[in-house]
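The values are calculated or read from the model by the stated rules, or taken from the named source; none is laboratory data. Everything numeric in this text was worked out from a predicted model, so none of it was measured. Cβ coordinates were reconstructed from backbone atoms using ideal geometry, including for glycine residues, and neighbour counts include every protein chain displayed. With ligands, DNA and RNA removed, areas are computed over all heavy atoms of the protein, side chains included. Shrake-Rupley method; radii C 1.70, N 1.55, O 1.52, S 1.80 Å.
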Amino acid sequence: EPLNMIKNYYGENYAFEYAFLIHYQSWLQIPTFFGIVIFIYQVTRYFEKGELLYAIDTPYNSLYGLFVTFWATSFVQSWKSKQKEIQYIWSCEDSSFKKVDERTEQFKFYNIYNP
């Protein structure tokens, strides 16, 4: 993860956003796998009877909903611990982010309106 390079170049705010997205993306693989399994099960039920309502209304839908609820709770707790770890490593435990911007003036973007 190039988080330290992003932190040094853009600052800790953007690096934390990037760290969250990486963490979220890795955690999304878990419900994606189970969602694909349920989708395949629904498709096989559709080809079995040919009725869409029969294929969609499976007993596993409610179990998947419960699973996603527990997954979301676990994800939030995992992100909190990951955030504390990153804050400790970067020495910003009090959430006071430094305004670090290594870009020179010639590389900064300024929006200028020309009437």
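Cβ separations smaller than 7 Å between residues 6+ apart or across chains give the following pairs from segment 60-79 residues that are within 22 Å of I22 (Cα to Cα) to residues that are β-branched (V, I, T) and open to solvent by 50 Å² or more (accessible area, probe 1.4 Å): W71/I30. Within segment 54-64, the set of residues being surrounded by 10 or more Cβ atoms within 10 Å (Cβ to Cβ), assigned to a helix (DSSP H, G or I) and of a type outside the set (A, V, I, L, M, F, W, C) comprises Y54, Y60, N61, Y64.
With respect to (1) modelled with pLDDT of 90 or more; (2) more than 21 Å from Q25 (Cβ to Cβ), the lone exception for S91 is condition (1).
Entry remark, segment 1-53: residues being free of Cβ contacts under 8 Å to residues at least 12 places away in the same chain, assigned to a helix (DSSP H, G or I) and open to solvent by less than 80 Å² (accessible area, probe 1.4 Å) number 4 in total.
Conditions (1) closer than 30 Å to E12 by Cα; (2) acidic (D, E), marked per residue:
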site	(1), (2)
Q29	yes, no
I36	no, no
E48	no, yes
A55	no, no
Y64	no, no
W79	yes, no
Q83	yes, no
I86	yes, no
S91	yes, no
